[in-house]
Structures are given as structure tokens and as C-alpha cells.
1. Any idea which of (1) in the same structural domain as residue 168 (by TED's automatic domain parsing); (2) part of a loop (DSSP other than H, G, I, E, B); (3) surrounded by fewer than 14 Cβ atoms within 10 Å (Cβ to Cβ) is the one residue 334 doesn't satisfy?
2. Of everything in the stretch 252-274 that's surrounded by fewer than 20 Cβ atoms within 10 Å (Cβ to Cβ) and in a loop (DSSP other than H, G, I, E, B), which residue is nearest to ligand 3 (Cβ to nearest atom)?
3. State yes or no: is residue 214 over 20 Å from residue 43 (Cβ atoms), at pLDDT 95 or above and part of a strand (DSSP E or B)?
4. State yes or no: is residue 301 away from ligand 1 (no atom under 11 Å from the Cβ), in a loop (DSSP other than H, G, I, E, B) and either under 16 Å from the mean Cα position of the chain (by Cα) or not assigned by TED's automatic domain parsing to the domain that holds residue 107 (or both)?
5. If the requirement is being more than 20 Å from residue 158 (Cβ to Cβ), at pLDDT 95 or above and buried (at least 16 other Cβ atoms within 10 Å of the Cβ), which of these qualifies: 312, 288?
6. Could you say whether any residue in the stretch 37-51 is more than 16 Å from ligand 3 (Cβ to nearest atom), in contact with a strand residue (DSSP E or B) (Cβ under 7 Å, 6 or more places away or on another chain) and more than 27 Å from residue 184 (Cα to Cα)?
Ligand code: NAP
Ligand code: ZN
Ligand code: ZN
């Protein structure tokens, strides 16, 4: 086994703290890479606090992972020692179901293996990127361009693909009015992609102070959702709402902002089930849809697109010792726009 060090939550009620653990030896198809940076996703917090479902503890979170390859197995063809490498939210899937064959490993009928808070085919728990090194089957390791800032690339592995994938699926682009609901880690990437794809982008936010940033990110409009006069102005206005909100919120209000045949896409995962009044859907034949991360090929496509168009995340680099404070700020919506852990501080 390989000895690894990281930060773990020992229980859902304890803060993250240093923890040593073991990873599997590098198998014939595995890549081991040393982690340089790991993004901090709101899903990390949901999971260490058991907000969705009972987790596997101790838990080492982190699924926005970038670094440099240290060792490759004898059958590995895609990577060489010294290459940049990245891993997102999954490290394996069954590879035989219809979804896996279609490149939709995130929807694997047998359940994909999460980068952390999951169990590999060996039955052992998986541990994420708040750590110094990781071992992953090469099929689930991505290539990263050396043209972009590596720290700012890390959030693309979750925040990036989670917003890129639904925008591509729904072919959002020129002629569409897209609302991005919530300007956090996912939201700010949604703005960048929406603008790059040619849509008219409006940020719907509860934070008035984010208006300046929204415009800097390329958004054409900003609506403060706590101001009734402002939301009234955009009633029936949008073709799509990409909903990145992490807490319970008012679907009746947001659905009223869609045009006829408009689509509300949930990517945010509030801990409680959402409440959608049937009338809000009937009136205008609207639909509520969802999307989970993206498949491996699509994640590579997104990374390549970002390299070509010079798109990265806006980040605040943190010392791993400050992770609990970073979570507190994230819950308050006070992150511009993604915390990334500098793993050299481990
Ligand atoms: P984040 O950085 O904390 O951003 C969430 C944003 O939502 C906040 O910045 C805030 O924006 C808004 N918000 C928060 N509480 C709100 C409330 N009560 N009412 C209205 N707006 C509120 O989180 P994130 O990392 O982007 O993640 C967002 C959500 O997506 C989380 O639930 C996460 O678990 C989920 N997620 C899903 C997937 C997937 O595959 N579908 C992947 C990754 C993450 P404003 O200040 O602008 O209002
Ligand atoms: Zn995530
Ligand atoms: Zn499968």
C-alpha cells in the first residue's frame, strides 16, 4: 500500500484535521499523481456534514484535483511520468451498461464510484483530493493543458463540467436568454460558458455586491432576486435557468421567470427535496430538469475547450489549515468564486 496524508472528517460533527491513510499500490492500468491543487466544492461540505445521505467516515473530501504524474502502471498508455493530470468526481464505473458505453459514466446504471465517499470495486472506501497523492485507473484521469494556471484549472473538474454539460446538452447559445441562478463556484463558471457559447446571460443573485463581478465575468444583466421590482421586470423572460443554488429556494418565483416552453435545470443540490407547484409548470408548459457532472470524454472536451478559449476559474488560493474557515465563508456566499487548496501547505 501507499501511505498518503490528507485532511479528513472523522465524523459528520468534527472539523477536518490531518489524517494519514493508505491508497492501493499502482496497478497495471493505474496512474499515481502527486496533487498540487484541489478545489473546494459545496458538495464537499454537504457530504462531510451528512446533509444528503449517511457518508463513509473518516472522509477525505475533494474532487477537483490536479497534479503531476509520479508513477504509471505497466499497461498505461495515456500518461507518462511528469505529465499534468487531473481527476474529477468519479474514479470508476461498471463500463458495461448502456450509459457507460454512451460516455455517460456519471449515470452508470450500477452506480459510478465517487472520488471520495464511495467504494471501489475492491470494496474499499475511496478518498479524495485533500491529500498529497492519488491512484486512479487511467481511464478516469484527464489531461490538462500547461498553458493555463494549474490552480485555476482545478475547479473545472467539477464546477466546470457540471455547468458545461447541461449547457451543451440543451444546446444553449446564440438567441437564448440564459439565467444563472446563484453566483458561486458553479454559477461563475456557468456565466463564463454561457457567454462563450453566445447566449445572453443574466445572473440571478441574492447578493447585491456581486453585481460588479457578474458584469466582469461577462454577464449582460444582473437581477437581485430579493427585490420584487427587479424580478417582475424579467417575468417570462428566460429560455433557460441554470440553478446552482445549494440551499432551499423558491421554485414558484424562478419558474415564473421562464418563457413558455422554458427549462429550469437543477444542478444545485439542496439537502431537502424541492417543492414545485404543478401550476408553475402547466402555465407555459415548462419543465424542470437536472444534470449531474459530465462523462469522462465530455470532461476532456471541456478541458480542451477551456485551454483553447483561455477559460479558468476565478480562485482564492488557501492554506489547508484554513479549510474550516473557508467552508464558513462558502455557506455565507462569501467566495470569489472558488477556494482552491494549495497542497504544498499540507
Ligand atoms: P457555492 O459556491 O456555495 O455557490 C452557491 C450559491 O448559491 C451561493 O454563492 C449563492 O449565490 C447561492 N445561494 C446560497 N444560498 C442561497 C439561498 N438560500 N437562496 C438563494 N441562493 C442561495 O456552491 P457550489 O460549489 O457552486 O455548489 C452549488 C450547488 O451545486 C451545491 O448544492 C453543490 O452540492 C451542487 N453541485 C452539484 C453538482 C452536480 O453534478 N449536479 C456538482 C457540483 C456541485 P448568490 O450569492 O449569488 O445568491
Ligand atoms: Zn463538486
Ligand atoms: Zn455503467
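The values are calculated or read from the model by the stated rules, or taken from the named source; none is laboratory data. Since the structure is predicted, the reported quantities are computational estimates derived from the model, not experimental observations. Note that we place each Cβ from the backbone using ideal geometry, even for glycine, and neighbour counts take in every protein chain shown.
1. With (1) in the same structural domain as residue 168 (by TED's automatic domain parsing); (2) part of a loop (DSSP other than H, G, I, E, B); (3) surrounded by fewer than 14 Cβ atoms within 10 Å (Cβ to Cβ) applied to residue 334, the lone miss is (1).
2. Here is the first cut: in the stretch 252-274, the residues surrounded by fewer than 20 Cβ atoms within 10 Å (Cβ to Cβ) are 252-253, 256, 259-261, 263, 269-274.
Pick out the ones that are also in a loop (DSSP other than H, G, I, E, B) and you get 256, 269-274.
Details: 256: 38, 269: 21, 270: 27, 271: 27, 272: 29, 273: 26, 274: 27 Å.
In this case the residue turns out to be 269.
3. Values: over 20 Å from residue 43 (Cβ atoms): yes; at pLDDT 95 or above: yes; part of a strand (DSSP E or B): no.
Judged against the criteria, residue 214 is not a match.
4. On the way: away from ligand 1 (no atom under 11 Å from the Cβ): yes; in a loop (DSSP other than H, G, I, E, B): no; either under 16 Å from the mean Cα position of the chain (by Cα) or not assigned by TED's automatic domain parsing to the domain that holds residue 107 (or both): yes.
So residue 301 does not fit the description; no.
5. Values: 312 fails: more than 20 Å from residue 158 (Cβ to Cβ).
The conditions single out 288.
6. Taking the stretch 37-51 and keeping what is more than 16 Å from ligand 3 (Cβ to nearest atom), we get 37-51.
Filter again for in contact with a strand residue (DSSP E or B) (Cβ under 7 Å, 6 or more places away or on another chain), leaving 37-40, 47-48.
The next check asks that each one be more than 27 Å from residue 184 (Cα to Cα); those that pass are none.
No, every residue in the stretch 37-51 fails to be more than 16 Å from ligand 3 (Cβ to nearest atom), in contact with a strand residue (DSSP E or B) (Cβ under 7 Å, 6 or more places away or on another chain) and more than 27 Å from residue 184 (Cα to Cα).
Yes or no, residue by residue, for (1) more than 16 Å from ligand 2 (Cβ to nearest atom); (2) farther than 25 Å from residue 327 by Cα:
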| residue | (1), (2) |
| --- | --- |
| 210 | yes, no |
| 221 | yes, yes |
| 245 | no, no |
| 248 | yes, no |
| 281 | yes, yes |
| 285 | yes, yes |
